[in-house]
Each structure stands twice: as C-alpha cells, then as structure tokens.
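In what follows, a single structure is set out as structure tokens and then discussed.
The values are calculated or read from the model by the stated rules, or taken from the named source; none is laboratory data. These numbers were taken from a predicted model, which means no experiment stands behind them. Cβ atoms come from the backbone with ideal geometry, glycine included; neighbour counts cover every protein chain shown.
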Amino acid sequence: MTAGLLFDLMMALAVLGTAAWTLAARTQFAAVIGFVATGLLLSLVWVRLGAVDVALTEAAIGAGATGVIILYVVARLRGGTAEISAATPSRAQRALAALLAVAVGGVLALAVLNLPDPAPSLAEAALAGSAPLGLGNPVSAVLMAHRGLDTLLESVVLVFAVLAVWSMAADHRWGGAPGPVFRREESGPLSLLARVLPPVGIVVGIYIAWVGADAPGGKFQGGTILAAMWILPWIAGLARPPSITDWRLRLMIAAGPLTFLCVGLAGFAVADGFLSYPPSFAKPLILLIEAAMTLSVAAALACLIAGPPERRLPPESMAADRR
Amino acid sequence: MTATTPGGWLLVLALTLPAGAMLLGFVAGGRHAQRIALGALAIWLAIALAVALQVQASGAPLAYVIGGWQPPLGMALRADGLAAAMLLTGAVVLLAVALFGQGAYDTPRGAAETRAAYAFWCFLPALAAALAAAFLGGDLFNLFVALEMLTFTALALACLDGKPSQFKSELRYLLFALIGSVLYLLGAGLLYGAYGTLDIALLAGRTRADAPTMVAGALMTAGLIAKMALFPLHFWLPPAHAGAPAAASALLSGLVVKGAFVLLLRLWFWVLPAPVVLGGGTVLAALGATAIVIGSVVALRQERLKLLVAYSTVAQMGYLFLMFPLLAAADADAASRAWLGGVLQAVSHALAKSAMFLAAGLIAVSLGHDRVTSLGGAARVMPITVIAFALGGLSLMGLPPSGGFTAKWLLLRASVETGQWWWSLVILTGGLLTGGYVYRIVAAALAPPAPGCVARAVPRPQELCVLALAVASMLLGVLPLYALGLVRVGAP
C-alpha cells in the first residue's frame, strides 16, 4: 500500500517535472522531447489508474503521432528565425496565459475535490452490456455499440482533418503527392530500421487492432503503429506516397467511416434500427468495422503527418520510380 | 426514459445523409463531388422540412434512441422546436450557398479537379453533418464531437482561397476554437463525474448548485462564447470571416456560430440549475449588450464592406444573449416571448447575414474592390444584389415586416414586461446604429458611378440565390403566428 502510494507520488512529481521542463526548455527540439516524455509518463499514470486502453492511446497518439508532427514542424521551421520571433507571444501575453492556466487549474482542483465519492459510474452497466455483443473488452463495447455514434462521427472527423490539411496546399500543387521528398538512404541506421522494422511492426499493429475486441487495444492504437510502419520507409526514401487525387488512397481513408455507416444503416433492416447489431452476428460485424477503421486510421494518420501535397511529379519521374 | 418516437428515423437520416455524401464526394472527387453535394443538400432540405412539419404536427419533440441503447449508457438524438427550426434554417442557407457556389466552384465536364472546388463541395455536406450533430445531439459528449466537426469545417472553408495572408487570422481562430473545445470537454468531464450521465434529458432538473456543477458550467460557457465571439472574445471573428471567400463567409457568419449558440442554450436551460441561470444570465446579457453597441459602432467606421458585415455579426450575436436573463424571469408569458424572440433572431440573422455576405462578395467581384466609399454605380449594374443587401439590412435593423423585426420586438416586449427595461434601450440603440451602417452602404451603392469606374455585370443565377435568402429573412416576419409555435415545442 505504502509502496504503491510512494510510486504514485513519484509518478505525479515526474509528470509535473517533465511538464515544467518542457515549458522552460530553451530550444524547440528539447521542448518536443519534453512533450513526448510527458506523454509517455502520462500513459504510465493511466496504467496505474487501470485505464490501459487510454494509456495505449495516449502513448500512440498523444505522445507518438503528435510528437512526430511537432518534430516535423520544428525541422521545417529551421532558419525561419524572423517568422518564429514574430509569432512568439510577448512576455506579457505569456504571463497572462500562465495566470489563466493557473486559475483554470485551481478551479478544476476545487471542483474535482468536491466530486461525489464514490463517483457515480456506468461501468457496471457497460460491463453487463458488453456480454450480449460477444466482446470481452467493455471499452470496445462502449466505443462500438453503446456510444457507437461518437466513434462513427470521430472517424468522420478524421476524414475532415485529412481534407482540411490537403486543402491548405498551393493550387498548382494539387494532384501531387503529400509531403516532401526524402533522399533515398541506401545504408545507415535509418535505412536498416526502415527495412527491418515494418514486417514486425505491421504484425504487431494488426495484432493490437485485432485483440481490441477482448483486451486493451483497438483500431486507433493499432492504426497508429501501422501508420508509423509506413512513415519509416517514407522518411528513409524507400517508399513514396501516392498522389492525393488517387481514388484508392481516398477510399482507404474513407473506408472505415463508410463501412461503419453502412453497417449502422443496415441495422434498420436486420436489427433494431440504426447502429444496432443483430445479436447472433454482432461480433463479426464489429470486427469488420474495426478492420476497415484500422486501415483508415493508419492511412489518415500517415497523411496527416505527411501534410499537404508539396510537389507535382512529372510523368517521366513517376515512370522512373516504378523501375 | 427516452423512447423512439414515430418519425424518429428522420433524425438519423438528417445526420447520416450529409456525412455519407461527404465521404462519397471525398472518394469520387472532381465533378462527382459537386453533384453529390448538390443532390444531398437538396434531399437534406426535404428531410429538415419533414422534421419541422412532424414536430409542428405532433406538438412534441422527436427522439431516436441509437442502437436501442437507452441513455445513460447509450444516447439519443432529439429534435425539439429549437432543433427543428435551426435545422431548417441550416438547410435553406446551405442549399442557397451551394447554388451560389456553382458560379465560382464549378468543375466543367472533363476538367481536372481543382483544390478549392474539391474542398468546397466536400465541406458543404460536412458542414450539414456537423450542424445536424450539433442541433440534434442529446448527449454532452456527442455535442463535443459536433463542435470538433464544426471547427474543422469552418477552418477549411475560411482558408478556401488559399491566400497565405489569410492563414494568420485563421490560426488565431483555430486557437480560440480549440481552447473553447478543451474548456467544454473539461466541463463535460466534470458533469459526468458528478452525475454519472451526459444525457441532457437525464441531467435536466437533477443538477445541484455545487462547486463541480458551477465550475463545469463556467468552463463550458467560456468555451462556447469564445466560439460565438461574444465580447470581449470577439476579435478573432472579423478578420477570419471577412478574409474568407464570400460563400464561406456566409456559412461562417450565418451558420457556424449558431451551432455553439444552440449548445449554450442546451447547457443553460436544460443542464444548469435554476439559481445559476438566474445570476449568470444578467452577466451574459451585459456582455451581449456591450457587443451590440461596440460591434455596431466599429462596423459604422469600417472602410471595407466585408469587414463591416463581419463586425455587424459581432453586434447581432450580442442580441442572442439578451434572452438569457429574460428567460429566467418569473413571468411565464414574457419568458416564452423571450425564447421565441431569441431563436427567431438566430434564424433571421442566419438568413439575412448570409445574404449580405454573398451580396458583398458579388459587389467586390463586380467592382474589383470593396471600399465602402466608392461603391457608386453598384446599384445600376446589379440592382437585385443591392436590393438583397438592403433587405438583409432591414432585418438586422429590426424594421417591419422582417424576421428581425419580430425577433427584436418580442425581446423588447419581454424586457419591458419583466421589468428589465434597460435591455430595450440597448435593442433600440443597436437598431439605430445598424440603420446607420446599412444606410451608408446602400446610399453609396445608389450613388452615380465615379468617372472611370468599370463595373462588370454578375451572373443572374447568383444574384437570385442572394435575393432568395434575403426574401426568406423578410418572409419570416409575415409568417402566421401558429408557424412560429414550432419554436415553442419542447421549450424550457
């Protein structure tokens, strides 16, 4: 009991410490490292709280994918000193923001300390409601059935996000491939990693997505790993993204929400209405949606990280690529 | 306990049809995206009309329990009068803007897909889905997802021109919108911790005036008014809305800010306990009154037409907050009038403001600039557009027989009846100032053209879309009273 308490205390101090370090960091690169470290420590906190699904998501998306995106921004801002100093808030603005954050933190603490104890919870109901669906993980039951509409709309938001990022492109680059071109690395650690890791990573990603029905894991976490397994060879110059006007890429991104929507509407015909599953066939349908969503999450995250199209490949260089 | 009502499936359709259309348009692209969006928005208008008729006929809200999972474990879609009226407004404005957008974002047969057109035709049904989620959602977390949908859509629409100069004001808008979303989410989390449910109908009448509820209410309100650009959180709006292309500005000012408004009404008059509403309502109305005066005065001084119209949005959004203290009053009749007035203000502003932004866009295209001082000759080249702008302006001023008149008259009456006469002074002052800036534009447009001014004619179909919106905002004022009863169905 005391050991557990001591551990929790250390965790809390470590999270606060890395967060403070991130804020105080002198270089942008150090701040990103601090941000990722805070995210990873936070995911350990979630494990301690028994929320393994949240921990996995925090590590994969909160620390991993977001960290990569910010790192990428830092790399692209290199040399843009004038732009950065123009966009940096003044000392007074920062002081005001800090004051506001402290105030919000203070009232939040006040509110949380006054919450009813024991907290009213739907955990029992969710647990009881997951058995008829054949799902061992109640979190999946909540995401796919009880609050299926939230998940459906969030998956649609992912498509919105990709489209929003693409629409920031310059007009004449429309039709090009997303992101910059990386030089092909024939040797070196990155090249080795980009060749060795994906076979393992893809299996792990699919496993994490598959196991989500009965244990912690699922489409978002698995999809993130799959996206990373594409990003790696892309950065090493071994793989090239398809053009954003390629309908196969677009279908991959929209497949998850489209499948979810179709299964949901089919509920009118074969079950109890929108987003309800026929009792005998619930788990296969949920797995079908999860599979399509894993693909879409992976494709969407990869596109979000790569960014808007930055070049338009002339036809001859496309042909040279295929060689 | 919520039960699925007859016709509840219409709500599912109102949400899934535009979402599906967006996804299909996203995959198909080019000319297909345009046709899918136009077709879907036309059907969406029919669905919205069917929802409104059904709510009106049955006199009770429609509901649909999703997947058969009862709240609090599951969730429900609900359409009361407020939701039905806003849905119908959204459908009318979106279809008009889509028809208008055929001018600038047309992809002719055989032409290659272009960036702006693709984004426009995908984000129109996306906005429809986001609005349906915001208006029909019955669950506080589901409404958060709706807010996210609205934010992404609004941001992309505002950047449709792809001008780097626009990115700065959009980045500021994004910052405000995201901070607003985070504050809303924190509040929703606190409410779940306190009551074990996020279902609005279950929370109604059950909340206590304790610390977690007050903090949650304060955080969510702050987040929502940041998204609605209420004074003093308004300064992101004018550059963001005015810098966007006309079709996008019309949607941003007319519809997007109304999504957060409906959420704020749900929070204050369904979720929060009565004592909080009684005390806080006056604060919101005071901020709204300041917005009316400051927004109108700043609008009067603008040199650019689109910025003027955008500042007018800041002022007109202020009127929406005047209903809060009036609704909390003991006088049931007056409260009912305030409710009707407030919702009508939202509807008539959506129609009038979208017409005015589209008209401003046409004027800018025709003259090649939008300087208020040299609009001379505009009325000669495009009388329909100038008339549409003036009609929209009449509605904003609150002159009869416009929808804005009915709205402002009801608010005025309610404020006198509840003994809060000071709000009526604000309403009258705002009307006068609005008259001032609308007169400035119309007078300038009626002036003879300056020597050397070359004004191009604009496409007639586009002018007619603008006129249709402006006329709709006028027709709202001559609707028979029983039609307005729709808004009262399921009112708090």
Fill in: Filtered residue count, segment B:155-168, keeping only those that are within 10 Å of chain A (Cβ to nearest Cβ), part of a helix (DSSP H, G or I) and aliphatic (A, V, I, L, M)
3
Worksheet item: Would it be correct to say that B:Ala216 is within 14 Å of another protein chain (Cβ to nearest Cβ), of a type in the set (Gly, Ala, Ser), part of a helix (DSSP H, G or I) and free of Cβ contacts under 8 Å to residues at least 60 places away in the same chain?
Response: yes
Worksheet item: Within segment A:223-242, is even one residue within 14 Å of chain B (Cβ to nearest Cβ), surrounded by 16 or more Cβ atoms within 10 Å (Cβ to Cβ) and either among the aromatic types (Phe, Trp, Tyr) or touching a residue at least 24 places away in the same chain (Cβ under 8 Å) (or both)?
Response: no
Practice prompt. Only residues that are surrounded by fewer than 23 Cβ atoms within 10 Å (Cβ to Cβ), facing another protein chain (nearest Cβ under 7 Å) and either in contact with a Cys (Cβ under 6 Å, 6 or more places away or on another chain) or at pLDDT 85 or above (or both): list them for segment A:126-152, please.
Written response: A:Ala126, A:Asp150
Worksheet item: Could you list, in sequence order, the residues of segment A:244-272 that are buried (at least 18 other Cβ atoms within 10 Å of the Cβ), outside any helix (DSSP H, G or I) and either more than 10 Å from every other protein chain (Cβ to nearest Cβ) or modelled with pLDDT under 90 (or both)?
Response: A:Ala271
Fill in: From B:Ala260, B:Ala310, residue being under 21 Å from B:Gly243 (Cα atoms) and surrounded by 20 or more Cβ atoms within 10 Å (Cβ to Cβ)
B:Ala310
Worksheet item: Quick one: which of B:Ala443, B:Ala468, B:Ala450 is out of contact with any strand residue (DSSP E or B) (no Cβ under 8 Å at 6 or more places or on another chain) and surrounded by 17 or more Cβ atoms within 10 Å (Cβ to Cβ)?
Response: B:Ala468
Worksheet item: How many residues are more than 7 Å from chain B (Cβ to nearest Cβ) and on the phi < 0 side of the Ramachandran plot when one looks only at segment A:153-189?
Response: 19
Worksheet item: Checking A:Ile208 against (1) in a helix (DSSP H, G or I); (2) crowded, with 22+ Cβ neighbours inside 10 Å; (3) in contact (Cβ under 8 Å) with a residue 40 or more places away in the chain; (4) within 14 Å of chain B (Cβ to nearest Cβ), which single condition isn't satisfied?
Response: (4)
Item to complete: Determine whether B:Leu252 is away from chain A (no Cβ under 12 Å), assigned to a loop (DSSP other than H, G, I, E, B) and under 16 Å from the mean Cα position of the chain (by Cα).
Response: no
Discussion item. For segment B:1-117, give me every one of the helices (runs of 4 or more DSSP H) that falls completely inside it and has 1 or more residues that are over 28 Å from A:Arg248 (Cα atoms), touching a Lys or Arg at 6+ places or on another chain (Cβ under 8 Å) and within 14 Å of chain A (Cβ to nearest Cβ).
Written reply: B:9-28
Worksheet, complete the sentence: Requiring at least 3 residues that are over 27 Å from the mean Cα position of the chain (by Cα) and under 26 Å from B:Gly295 (Cα atoms), the helices (runs of 4 or more DSSP H) wholly within segment B:378-460 are B:422-446
Fill in: Filter pass, B:Gly361 being closer than 30 Å to B:Cys453 by Cα and assigned to a loop (DSSP other than H, G, I, E, B)
no
Discussion item. If I filter segment B:172-181 for residues that are outside any loop (DSSP other than H, G, I, E, B), facing chain A (nearest Cβ under 9 Å) and of a type outside the set (Gly, Ala, Ser), do I get at least one hit?
Written reply: no
Discussion item. Please pick out the residue among B:Phe135, B:Phe120 that is within 11 Å of chain A (Cβ to nearest Cβ) and in contact with a helix residue (DSSP H, G or I) (Cβ under 7 Å, 6 or more places away or on another chain).
Written reply: B:Phe120
Worksheet item: If you scan segment A:275-312, which residues turn out to be surrounded by 16 or more Cβ atoms within 10 Å (Cβ to Cβ) and in contact with a strand residue (DSSP E or B) (Cβ under 7 Å, 6 or more places away or on another chain)?
Response: A:Cys303, A:Ala306, A:Gly307, A:Pro308, A:Pro309
Practice prompt. Please identify the pairs in which a residue from segment A:107-130 that is under 26 Å from B:Gln70 (Cβ atoms) has its Cβ atom under 8 Å from the Cβ atom of a residue that is at pLDDT below 85 and surrounded by fewer than 18 Cβ atoms within 10 Å (Cβ to Cβ), counting only partners at least 6 apart or on another chain.
Written response: A:Ser130/A:Gly136
Fill in: Out of B:Val277, B:Val262, sole residue that is out of contact with any His (no Cβ under 6 Å at 6 or more places or on another chain), under 27 Å from B:Arg78 (Cβ atoms) and at pLDDT below 95
B:Val277
Worksheet, complete the sentence: If you go through B:Leu186, B:Leu160, B:Leu202, B:Leu150, the only one that is more than 19 Å from the chain's Cα centre (by Cα) and over 30 Å from A:Leu115 (Cα atoms) is B:Leu160
Item to complete: Mind listing whichever residues of segment B:188-213 are facing chain A (nearest Cβ under 9 Å) and either buried (at least 19 other Cβ atoms within 10 Å of the Cβ) or touching a Leu at 6+ places or on another chain (Cβ under 8 Å) (or both)?
Response: B:Leu190, B:Tyr192, B:Gly193, B:Ala194, B:Tyr195, B:Gly196, B:Thr197, B:Ala211, B:Pro212, B:Thr213
